[in-house]
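Asker: For reference, the structure I am asking about is given below.
The values are calculated or read from the model by the stated rules, or taken from the named source; none is laboratory data. Source: prediction; values computed, not measured. Virtual Cβ from ideal backbone geometry, glycine too; neighbours counted across all protein chains shown. Heavy atoms of the whole protein, side chains included, go into the accessibility calculation; ligands, DNA and RNA do not. Shrake-Rupley method; radii C 1.70, N 1.55, O 1.52, S 1.80 Å.
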Amino acid sequence: MSLEQANKYIVLFFTHSGAVKYRRFLNKNNIDNEMMPVPRRLSSSCGVCISFCHGDISSIITTDIEKIFKEIDGSKFEEIYTTN
């Protein structure tokens, strides 16, 4: 996949252990990722999130995910997925 096809995503989780589990899942699928504190502009709750670049993410959504944000221009994010 070329960099032009990849989007940057930030994924929020219900629990810290869900984030750790998802990071293992991404690593197993050879998707580079970074675990980091949740940016304040995305959530006021404490916790960690996972940041990564990828194309179509529909096949890598799991039950541990609370929300997914797509980076728009480096400082703005659009919520593209939330658990019902």
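Asker: Just one of I72, I80 is loosely packed, with under 15 Cβ neighbours inside 10 Å, of a type in the set (V, I, T) and at pLDDT below 95; which is it?
Answerer: The conditions single out I72.
Asker: For segment 47-84, give me each residue that is in a loop (DSSP other than H, G, I, E, B), closer than 16 Å to L26 by Cα and among the hydrophobic types (A, V, I, L, M, F, W, C).
Answerer: Correct list: I57, I61.
Asker: Please state which of the following conditions D64 fails to meet, knowing it meets all the rest: (1) open to solvent by 30 Å² or more (accessible area, probe 1.4 Å); (2) out of contact with any helix residue (DSSP H, G or I) (no Cβ under 6 Å at 6 or more places or on another chain).
Answerer: Tallying (1) open to solvent by 30 Å² or more (accessible area, probe 1.4 Å); (2) out of contact with any helix residue (DSSP H, G or I) (no Cβ under 6 Å at 6 or more places or on another chain), D64 fails exactly one: (2).
Asker: Could you check segment 40-54 and list, in sequence order, the residues that are more than 12 Å from the chain's Cα centre (by Cα), surrounded by 10 or more Cβ atoms within 10 Å (Cβ to Cβ) and more than 16 Å from H16 (Cβ to Cβ)?
Answerer: R41
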